[in-house]
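The values are calculated or read from the model by the stated rules, or taken from the named source; none is laboratory data. As the structure is a computational prediction, the values presented were derived from the model and not from experiment. With ideal geometry, Cβ positions are generated from the backbone for all residues, glycine too; neighbour counts draw on all protein chains shown. These accessible areas exclude ligands, DNA and RNA; they are computed on the full protein's heavy atoms, side chains included. Shrake-Rupley method; radii C 1.70, N 1.55, O 1.52, S 1.80 Å.
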Amino acid sequence: MPTTETPGAPPAEERVFRPAPSTVIEANVKPAELVEAYRLAAADHPGYWEQAALELEWHRKWDAVLDDSRPPVYRWFPGARTNIVHNALDRHVHIWTKNKLALIWEGEAGDCRKFTYFELYREVNRLAGALRALGVGRGDRVCLYMPPIPETVVAMLATAKIGAVHVFVFAGYAAKFLRERVNEAGAKVLVTADGFYRGGKLINLKAVVDEGLADARPDVAETVVVVRRTGGDIDMQEPRDLYYHDLLRQESPEAATEIMEAGEPLFWLPTSGTTGKPKSVVHSHGGYMVGAHHTFRTVFDIKPTDIHFCTADPGWITGHTYGVYGPLLTGATVILYEGHPLYPQADRLPAIIERYGATIFYATPTLIRMLMRYGPQYPKNRDISTLRLLGSVGEPLGPDAWMWLYKHIGRSNCPVLDTWWQTETGMAMLSPMPISLLKPGSVGKALPGVAADVVDEDGRPVPPGQSGFLVLGKPWPGMLTGLAGDDAAYAAYWEKIPGVYFAGDLARRDEDGYFWIQGRADDVLNIAGHRIGTAEVEAALCSHRFVADAAVIGLPDKIKGEVAKAFVVPSPQWQEAYADADAFASDLRAHVRRELGPIVIVRAVALRESLPRTHSGKILRRVLREEEEAGGKLF
Ligand code: ATP
Ligand code: MG
């Protein structure tokens, strides 16, 4: 399927993979239904999402599907009432899913805990009662500083159940970040754990909490609820700190669910902070619920027999939407793993897939590259034949990691769903469906009901094959309702190019409507007047057989305006193939030239053992740029 080339654009990926006939026959959304979904969404955008909303239970129906009278403020399902926990948990207790496994948790040491929907429901109710007894109510923020353990899921749901707002702070963040988030949220209650295990070590989380709260605002975190996970030695401060298990012991296994207006907040969540300071994104009960449920049912094609393994920490949007809410809203079984993905060795994730018979594996490019580096023998030595769908999110996967995932994890038999979305979008926006033709490195088309486009600075659509800014032309139910306490920053998403949501990514769309993410708009290289995304240069580098990982930044150049500098993590055998680092670097430069054409000039190559990353595992090009400006660490 050829695409129109522009000077400087890389050659189009020409491999196309078709789904197996059985995948098409059994899919939740079959080809004719997908055509109909696109038709309906184009003809009646709110009507499409109204149908999706009707798949869930509401205590009161909406007055309108969408209130768009005050852009850029959009309100989905105004007048409607529900609670996401009613749909994710309460309703299962009255149907067959009651005794189905909701959650399979595996600790790093190999310990395992399983919860049916009924058991999860009861535990959530106990904590909901305890939080109410602590004075937490509708609209109050509860801060969660939690490792990946079952109580984390319980705490999210219990908070939402009583109408409070969970503000998750990923357990890898340091004390200062925790303090800032607790202060910002004005959270009276913080839920945490004594610690957890990662990479064979006991991480004392409570010590970080104590440090973070030491100079927090006096009116926040009056109560700290501590889950005993490790039994490690911690300092319990009276009367602030209470053990979770002590609190729950007295509570009833039944608790009323607070019925919320659709637009009321469900959670605040920081973005990954790849481009700067993280932004606290706000999501609501109604719209977010519809987005999470609908995309999980259709894109992830969830069936009653599925076991979904989402490797993302619950503290990221991927964990929120496709590790907790999406699966529970659809009555699925989800696997949560506590520890390091390579502990005690590189077959840990394949071993988990084998042990529980996971059918869907949803990971990040960083993780997939990590597995690649250790080699295909690890997944090969495990029976992972239960898998039927693979997914990726968070960064460009690139054709070579795509192929590796497809071949070595998917046995050339499982569609790869490379899903593009953001903390702000709340739900997948661009993605192949299981029945789609797949192009390695592409995130597929815009999903039905999603109006994505690639435009120039003035908002004019660019022709196929050319790069431009990725924008979203119409509101969608999973969208953020705001940024915590910062209306101006929220409005800014819609002001860069008036009338559309500016995603901040650079992309191309080919003639089939497939999107190719080229990197962050902020990171774009401008070489001799050609805009080149970092992702494409990085993918070209990663296709070299001695490159395990790569990051690219721009360097100013008098003649070309800008040239590229590459930071490369070599695979271990490179020294056997080259006389020295110079010889390796010049081969890498020649390789990029061959792959992308002479326009893409890589001026310098630095070899690194690893690349700086965000807590969610994304490459921090701004750190590399800062380092470079400060004099650089050349190899
Ligand atoms: P911040 O907004 O704080 O700079 P962030 O954008 O990394 O951080 P997230 O919301 O976690 O925070 O990530 C969304 C971004 O991740 C997208 O804008 C995009 O750049 C990237 N991304 C997500 N999924 C994909 C994908 N499938 N392919 C390529 N890039 C992706
Ligand atoms: Mg972002």
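Probing with 1.4 Å while keeping every protein chain in the model, the per residue accessible area of the chain equals 37 Å².
Of the residues ARG508, ARG545, ARG613, ARG81, ranked by 1.4 Å probe accessible area with the largest first, the sequence reads ARG545, ARG81, ARG613, ARG508. Loop-resident GluC sites (Glu not before Pro) (DSSP state other than H, G, I, E or B) in the range 197-259 with no more than 16 further Cβ atoms inside 10 Å of their Cβ: GLU222, GLU254.
Along its three principal directions, the equivalent ellipsoid of the range 23-155 from the Cα gyration tensor extends over semi-axes of 33, 24, 15 Å, largest first. Using a/c under 1.5 as the rounded threshold, could you call the range 524-630 rounded, prolate or oblate? The axes a ≥ b ≥ c are square roots of the C-alpha gyration tensor eigenvalues, and prolate needs a/b larger than b/c, oblate otherwise. It comes out oblate by the Cα gyration axes.
Of all DSSP-defined beta bridges confined to the chain, some 55% are antiparallel rather than parallel. Near TYR243: Cβ cut-off under 14 Å, other residues only, Lys/Arg at +1 and Asp/Glu at -1. The net charge is -1. Would you mind telling me the share, in percent, of accessible area of the range 259-298 contributed by carbon and sulfur at probe 1.4 angstrom? The computed percentage sits at 57. Normalising by residue count, the chain has a Cα convex hull of 153 Å³ per residue. Counting Lys and Arg as +1 and Asp and Glu as -1 over every other residue whose Cβ lies under 13 Å from the Cβ of VAL547, the net charge comes to 0. Only Cα pairs under 8 Å and 6+ residues apart enter the sum, and on that basis the relative contact order of the chain stands at 13 percent. For the range 275-314, the gyration tensor built on C-alpha atoms gives an oblate shape. Its axis ratio a/c (a ≥ b ≥ c) is at least 1.5, and a/b is not larger than b/c. In the assembled protein chains, GLU628 presents an accessible area of approximately 50 Å² (probe radius 1.4 Å). Bridges between two residues of the range 524-630, per DSSP, are antiparallel at a rate of about 75%. Here is how the number arises for the chain: DSSP H runs of 4 or more residues each give -39500 (n - 2.57), the sum is divided by the residue count, and the result at 222 nm is -8000 deg cm²/dmol.
Evaluated at q = 0.17, 0.21 Å⁻¹, the base-10 log of the normalised Debye intensity for the range 319-453, with identical point scatterers placed on the Cα atoms, takes the values -0.95, -1.43.
Here the accessible area of the range 524-630 is 48 percent carbon and sulfur, with a 1.4 angstrom probe and all protein chains present. For the range 31-86, the gyration tensor built on C-alpha atoms gives an oblate shape. Its axis ratio a/c (a ≥ b ≥ c) is at least 1.5, and a/b is not larger than b/c.
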